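J.: There's a structure below that I have some questions on.
The values are calculated or read from the model by the stated rules, or taken from the named source; none is laboratory data. If you're wondering where the values come from, they're calculated on a predicted model, not measured in any experiment. Here Cβ is always computed from backbone atoms with ideal geometry, including for glycine, and neighbour counts include all displayed protein chains. Side chains are part of the model used for accessible areas, which takes the heavy atoms of the whole protein and leaves out ligands, DNA and RNA. Shrake-Rupley method; radii C 1.70, N 1.55, O 1.52, S 1.80 Å.
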Amino acid sequence: QVQLVESGGGLVQAGGSLRLSCAASGSICSTNVMGWYRQAPGKQRELVAIMYSGGNTNYADSVKGRFTITRDNAAKNAVYLQMNRLEPEDTAAYYCNANVRPCFSVSRDYWGQGTQVTVSS
């Protein structure tokens with residue numbers, strides 16, 4: 001059983017910073033892409049940032065230059081999102097996502113439970 005556990009959300013004023021963390025645990029043989037999505041009330045879930053195992057990254061246009069995604073160099077099963085210069089429009093539930101190949105099953109996507117980020121103006 002693979003689980004993703006997130007932490008680091010909270011309430012921050014506009015212009016502030018937060019760092020989200022996500023750790024994957026379980027019987028994991030390999031992890032391909034890990035990343036972050038977000039969903040604001042009344043809106044669809046959208047990509048924020050993803051990082052492939054080789055190090056390539058992809059960011060939503062709205063966060064480029066403000067957010068940075070990194071992965072744990074040692075464990076390879078943790079991903080972080082450093083969010084700077086936060087704006088009220090960044091307010092959403094943030095979800096960790098990982099494409100994982102469990103050791104005794106086929107690759108599939110897994111989701112964390114979500115962590116709330118609220119940016120006040």
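J.: For S25 and S53, what does the FRET efficiency come to when R0 = 22 Å and r is the distance between their Cβ atoms, rounded to the nearest 0.05? Walk me through the intermediate numbers first.
T.: Working: r = 17 Å, r/R0 = 0.79.
Approximately 0.80, to the nearest 0.05.
J.: Per the 1.4 Å probe, what fraction of the accessible area of the chain, in percent, lies on carbon and sulfur atoms?
T.: Details: 2980 of 6430 Å².
C and S atoms contribute 46 percent here.
J.: What accessible area per residue comes out for the chain, rounded to a whole number of Å², with a 1.4 Å probe? Could you put the intermediate results ahead of the total?
T.: Values: 6430 Å² over 121 residues.
Per residue, the chain has 53 Å² of solvent-accessible surface.
J.: Could you work out how much longer the chain between S121 and R66 gets when fully extended? Use 0.36 nm per residue separation minus the Cα distance between them, nm to one decimal.
T.: Values: separation 55, 0.36 × 55 = 19.80 nm, distance 1.70 nm.
The S121-R66 span can extend by a further 18.1 nm.
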